[in-house]
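Enquirer: Shown below is the structure under consideration.
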């Protein structure tokens, strides 16, 4: 059972596909859950504390805005832990403020730098593309081996 | 700064999204209540939110997925159901994160179709989708559309 990083990391479709074919999806919900279930200082809504931008220094330089470093404290450990990745390239809804946009660029850059199996896709826009989309993901995940 | 004492530590929360002509969220909720052994189940407009111990939630979603495997989609959620930091009852407007799910709901019918077709077909015999990293040449018909759309 491989740990598969998904981008967009909130994607319902990718999260479901990875779990459906027997692997573990690494999504932002897992990182957020870890924080909101850990005792500490009250920092609503996501329990992101001033410690997170410090942790983010591992993946982004000190002159990078704290918003990017704070986000990287969530995604960085998952990128390090992942054994494969699926990236959707036309996920417009992943676009957000500059913090989100720059973090997204850094996430895809770090994933592409890593020497792991990667699958790049577009969202399907028709039923025919849907078949190819699902087949590509199924093939990719079967190739990782060790599915549950 | 005040101390933060987390609730429901060790539990997991999952969304169960239904996109089916045969199964409604209410049907799925009734089935979930029948087989639940202590998990918290909340019915929503798009499906269910289930919170409980990981083994119990895994068992429940495996059962629920079998109701209509090609049209039920599941993903993790960070917050428990009804959490005041995320629930739209407290915030007003859509829940943060709903827009992403709403967008993917428009694509899910194509994915469901793909899952149905792949039940009877070998995935290795199906052509690969378009590679986003490949250099794409501008199609002549698209170029013509751009020229035609240009205001004179």
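Enquirer: What is the one condition in (1) modelled with pLDDT of 95 or more; (2) more than 14 Å from residue B:75 (Cα to Cα); (3) facing chain B (nearest Cβ under 8 Å) that residue A:15 does not satisfy?
Expert: That leaves (2) as the condition not met.
Enquirer: Suppose we filter the range A:111-138 for residues that are surrounded by fewer than 19 Cβ atoms within 10 Å (Cβ to Cβ) and out of contact with any strand residue (DSSP E or B) (no Cβ under 9 Å at 6 or more places or on another chain); how many remain?
Expert: So the answer is 6.
Enquirer: Moving on. Can you say whether residue B:104 is under 19 Å from residue A:30 (Cβ atoms), loosely packed, with under 14 Cβ neighbours inside 10 Å and free of Cβ contacts under 8 Å to residues at least 40 places away in the same chain, as far as the supplied structure shows?
Expert: No, not satisfied.
Let's see how each residue does on (1) crowded, with 21+ Cβ neighbours inside 10 Å; (2) over 19 Å from the mean Cα position of the chain (by Cα); (3) within 14 Å of chain A (Cβ to nearest Cβ):
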| residue | (1), (2), (3) |
| --- | --- |
| B:6 | no, yes, yes |
| B:16 | yes, no, yes |
| B:21 | no, no, no |
| B:30 | no, yes, no |
| B:37 | no, yes, no |
| B:43 | no, no, no |
| B:48 | yes, no, yes |
| B:56 | no, yes, no |
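Enquirer: Looking only at the range A:86-118, filter to residues that are under 14 Å from the mean Cα position of the chain (by Cα), free of Cβ contacts under 8 Å to residues at least 40 places away in the same chain and at the interface with another protein chain (Cβ under 10 Å from one of its Cβ atoms); which one of those is farthest from residue B:107 (Cα to Cα)?
Expert: A:112
Enquirer: Can you find a residue that is more than 22 Å from residue B:10 (Cα to Cα), more than 7 Å from chain B (Cβ to nearest Cβ) and not in a helix (DSSP H, G or I) anywhere in the range A:65-74?
Expert: For the range A:65-74, residues more than 22 Å from residue B:10 (Cα to Cα), more than 7 Å from chain B (Cβ to nearest Cβ) and not in a helix (DSSP H, G or I): present.
Enquirer: Same structure, new question: Run residue A:62 past the list (1) more than 13 Å from chain B (Cβ to nearest Cβ); (2) in contact (Cβ under 8 Å) with a residue 12 or more places away in the chain and report the number of the one that doesn't hold.
Expert: Answer for residue A:62: the failing condition is (2).
The values are calculated or read from the model by the stated rules, or taken from the named source; none is laboratory data. Just so it is clear, the model here is predicted, and its values are computed rather than measured. With ideal geometry, Cβ positions are generated from the backbone for all residues, glycine too; neighbour counts draw on all protein chains shown.
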